[in-house]
Every structure is written in structure tokens, then in C-alpha cells.
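Q: Input: one structure, supplied below.
What follows draws every value from the coordinates through simple rules; no lab data is involved. Since this is a predicted model, take the numbers as computed values, not measurements. Cβ coordinates were reconstructed from backbone atoms using ideal geometry, including for glycine residues, and neighbour counts include every protein chain displayed.
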Amino acid sequence: MMGIVYIVGAGPGDVDLITVKGVKCIQKADIILYDRLINKELLEYAKPGAELIYSGKLPGFHAKKQETINHLLVKHAQKGKIVTRLKGGDPFVFGRGGEEAQVLAEHGISFEIVPGITSGIAAPAYAGIPVTHRDYSSSFAVVTGHMKAGKDDTIRWKNLAQGVDTLAIYMGVGNLPYICEQLINGGRAGNTPVALVHWGTTERQQTVTGTLTTIVEIAKKSEIKNPSMIIVGEVVKLRKEIQWFEQTSVTQQLAYV
């Protein structure tokens with residue numbers, strides 16, 4: 001008898017931000033393949049005897065290649081197992097959930113997608129930055145800041161610079177100088193506010209702010225690394241009024257521009 005695969009978004013890091021359905025999928029799973037950025041406390045919902053398989057990925061180093069993950073999903077489902085693929089954020093927002101669903105469909109395996117709260121909305125929210133606001137932003141876009149290895153940059157930075165109020169850029173800290181340069185060259189003002197939210201929604205959250213012309217140096221001095229969200233737009237100004245989650249340290253205050 002064929003099993004089933006649940007491709008589940010675990011949310012952005014705060015253990016309480018997973019959906020009720022996501023928790024149920026963890027609880028009934030025989031096999032759980034989980035990513036690096038999920039909150040490990042979620043694995044405590046697993047039933048006794050469930051097999052936990054780490055499938056995390058670091059930039060430049062993958063504990064398991066995507067092909068291997070695909071193979072494991074198929075193999076265990078074909079054995080009649082209930083498999084939960086637990087991903088940080090939302091599986092269909094830069095989570096490769098679509099690719100995994102394609103593989104399952106090709107093999108005739110039943111699957112369900114369980115959406116999760118994506119970091120591009122949750123991290124700025126926890127930093128006091130709404131991605132939309134009637135006075136500042138009527139549009140936002142989620143953008144990858146990390147290009148596929150061996151591929152040219154196909155992102156239309158000029159269109160984003162001129163056509164979208166708020167940008168939520170994933171996996172972009174390593175390319176931050178390039179991203180800022182492309183946005184400025186595309187017509188975005190150099191004094192456009194920018195925030196970097198490191199480990200958003202977790203107790204390790206740290207936020208620094210600057211502008212397109214200053215944020216690279218600020219990030220370097222603050223030693224901001226991945227995982228971090230980059231938020232570009234006038235909405236970043238609202239952080240000074242409505243930040244609520246972090247206990248702002250003196251160091252962070254000095255990072256404000």
C-alpha cells in the first residue's frame with residue numbers, strides 16, 4: 001500500500017508560528033525529513049519510534065543533496081510510510097517544495113502541501129516593519145538574493161527598483177553589495193531605507209538598519225550573516241515607532257542610520 005508525503009512549512013523560527021495542520025502532520029509521521037532552519041522543538045511533537053532524518057543545507061555544503069532527499073521521499077512513501085517533509089518558512093517560497101512535489105507526482109505518490117508563514121513577512125513583522133502600509137507601500141515582492149550555481153542573474157533589478165514599494169530579499173547577505181548596487185543602478189534612491197533581520201522571530205533575532213548606500217558597511221561592522229532577511233523600502237522607517245519583539249541593545253541603537 002502506497003504511503004503519503006506531507007510537504008510542511010514549519011514557519012520562520014518561532015515554534016508557535018507553525019500551523020495546527022503542520023503540527024498534526026508531524027505527530028502522525030513515520031518518517032520526518034527536516035531542514036536546518038526549522039525550530040528543533042517541533043520535533044518533540046513526533047510520535048515514539050518516528051525516524052528523524054536531517055536534511056539541512058548550508059551555503060556551499062549540503063548534508064543531503066536535493067536528489068537524495070527526493071529519493072528518500074519516494075522510497076519511504078513506496079514502503080507505505082507516512083512521510084513529513086518539514087521545511088523552514090513556506091515550502092513554496094524558495095523552499096524547493098514545488099520540485100519535490102513534481103518528483104512525487106511523477107512517481108504516482110499522494111502528497112499534500114501545508115503552507116507555512118514565510119520569513120519575508122514574519123521576520124520584518126517581528127522587527128516592527130510591515131511589508132505594506134497605506135502611507136508607504138501598496139506593493140511588495142519576494143526576491144531571491146542567491147542565484148543558482150552556474151546560472152546568470154536573471155532578476156530584473158531595474159523593474160524591482162522602480163516598480164515595487166517593498167522588497168523582501170531572501171538569502172542575500174552574501175550578495176548584499178551587488179544587490180544594493182543593482183537597485184541603485186536601476187533607479188532606486190541611495191537613501192532608501194534598508195533593514196537586515198538576522199534569525200527573525202527567534203530569541204537570537206538581531207536587526208540593523210541603514211540605507212542602500214550605508215547598509216553594506218553596517219552589516220559588516222555588525223557581523224550580520226545568514227540566515228537574514230533584507231527588507232528594502234520606506235516601511236523600514238516604521239521600525240522606530242512599532243518595534244516590539246527585540247530588547248534593543250546599545251549596539252543595535254548605534255547601528256541605526
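Q: When the chain is modelled as a GNM with alpha-carbon springs shorter than 10 Å, which of Ala105, Ala168, Ala127 fluctuates the most?
A: Maximum among the listed residues: Ala105.
Q: Which longest uninterrupted range of the chain lacks any GluC sites (Glu not before Pro) assigned by DSSP to a loop state (not H, G, I, E or B) and surrounded by at most 14 other Cβ atoms within 10 Å?
A: It works out to 1-202.
Q: Would you mind counting up the charge near Tyr136? Only other residues with Cβ under 14 Å from its Cβ, with Lys and Arg at +1 and Asp and Glu at -1.
A: Working: positive: Arg134, Lys237, Arg239, Lys240; negative: Asp135, Asp165, Glu234, Glu241.
Spelling it out: positives minus negatives among the neighbours equals 0.
Q: Still on this structure, I have one more. Using alpha-carbon positions, what is the distance between the centroids of the stretch 150-200 and the stretch 1-57, in Å?
A: If we compute the Cα centre of each part, the gap is 32 Å.
Q: Kindly identify the stretch 92-177 as rounded, prolate or oblate by the Cα gyration tensor criterion: order the square roots of the eigenvalues as a ≥ b ≥ c, call it rounded if a/c is under 1.5, otherwise compare a/b with b/c, prolate if a/b is larger, else oblate.
A: Oblate shape, in that a/c is at least 1.5 and b/c is the bigger or equal ratio.
Q: Then there is this: If you keep only loop residues by DSSP, which trypsin sites (Lys or Arg not before Pro) in the stretch 159-231 have at most 12 other Cβ atoms within 10 Å of their Cβ?
A: When the trypsin sites (Lys or Arg not before Pro) of the stretch 159-231 are filtered for loop state and at most 12 Cβ neighbours within 10 Å, Arg204 remain.
Q: Out of all DSSP beta bridges in the chain, what portion is antiparallel? Express it as a percent rounded to 5.
A: 45 percent
Q: Provide the FRET efficiency to the nearest 0.05 for the Lys75-Lys24 pair, computing r from the beta carbons and using R0 = 30 Å.
A: 0.80
Q: Assuming 0.36 nm per residue, please report the length gained on full extension of the stretch Ile155 to Asn191 beyond their Cα-Cα distance.
A: Once the chain is fully extended between Ile155 and Asn191, it gains 10.8 nm.
Q: Between Glu203 and Tyr54, what's the calculated FRET efficiency when r is the beta-carbon distance and R0 is 25 Å? Round to 0.05.
A: The computed FRET efficiency comes out at 0.70.
Q: If you place +1 on the Cβ of every Lys and Arg and -1 on the Cβ of every Asp and Glu, how big does the dipole about the Cα centre of the stretch 98-256 come out, in debye to the nearest 20? Before the final figure, lay out the partial values.
A: Numbers: 13 positive and 15 negative charges, 99 e Å.
Result for the stretch 98-256 is approximately 480 debye, rounded to the nearest 20.
Q: Note down the nm distance, to one decimal, between modelled labels 7 Å out along Cα→Cβ at Glu99 and at Glu67.
A: 1.2 nm
Q: Something else: What Kirkwood radius, in Å to one decimal, follows from the Cα pairs of the chain?
A: One over the average 1/r among Cα pairs gives 19.2 Å for the chain.
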